[in-house]
Each structure stands twice: as structure tokens, then as C-alpha cells.
Amino acid sequence: MPSQDNGYQGYTVFSRCEGGFMHFFPAQFKASVYVKTPGASVQIGNFVILKTARGAALGSATVLSSTSIPFASSSFPVTLTVTGGELDAISDAVTYTFDPLYDYWLAVFFTSPQPSGSAINPGLATSISSHTWQSYWISGDHTGDATIPAATFINGVFAIHDVLAA
């Protein structure tokens, strides 16, 4: 578990949404990351959406595809400015094909500085999903792994923030 003195620096945070719980399947989406931190900025090393077979077990869920989720058309790493101790960053629009036969994972790798581990707040995927994204963290950059690593789930961290007209 991330300690209070390093927050999520050096950790990948995963959030999963089961395709069967999605309300509809937009051609484009935006994702958001909300954290509280005493720092002036948060650096994200990578942010992706991963697709796996529906219901695959952690540790054996093979990644079928990976798509980058950019902020302000920047390549990673990207540094996002914190205002008043909070970061509520919304990604650029991502063109994507969702399908109810698959599960989807948002994975963000925090490089620096330290968002507070105790203050990363839950998000609801209310635009396209009927429940929160199940989330957990794991040490290291796992945004490019071939399988979703096994870990213990925690509360949601991400939300599909907005759905854009195709």
C-alpha cells in the first residue's frame, strides 16, 4: 500500500468497468482524474484504457488492446497543475469502440510529485456505467503490461467524465 510520505508516486492505479454494466457505447469519451495533494502539480507518466475479456480473473486477464488517454494533446509524462490543493483533470476526447463483451480498465502511472494516498477520492462512471469503477493500486509502471496484475480492490478513483457526440 502506498505510504503517506510517497502517496501514489511510483504506483499504477487501475480501475475496471465491466462491459455488461455499461448503459451505452459512445464513439468518444473523456476520462478524469481527481486527487487532493499539497503540491503545486502532479506528473502522470502514462494514462491508458485497456480492454480484456469480460470476467477474466486478475493476474490472468490478458490485455487485448491499449489506447493512450492524452491531456491537452501532450505526450507523457505530462505535468498537471494543482489549484487549491485539488486536481480535477479531464482528458482530451478519445475515439474508442466499446463492446459489452469486454471489460475496460483505466490505468494511470503517477511519476511525481506525490498525490496524497488518503485523499484520492472515488469517481462514478455515471455517463456510461451503472456502478463505480472498481479500483486498486500496485507498485511500478504497469500501463504496458500484457496482463492485468493481481491485487486487492479499493474504492473507485476514475470516472468516464463526459460522453461526446460521434
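The table that follows gives values for the structure above.
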read-out	value
For Ala31, residues with placed amide H under 5 Å, excluding near neighbours	Ser91, His161
Long-range amide H partners of Val82 with built H, under 5 Å	Ser41, Val42
Residues whose placed amide H lies under 5 Å from that of His142, excluding near-sequence neighbours	Thr12
Length released on extending from Thr79 to Asp145, taking residue separation times 0.36 nm less the Cα-Cα span	21.5 nm
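Taken together, the values in this text are just the output of simple stated rules run on the coordinates, not laboratory data. All of these numbers come straight from a predicted model, not from anything done at the bench.
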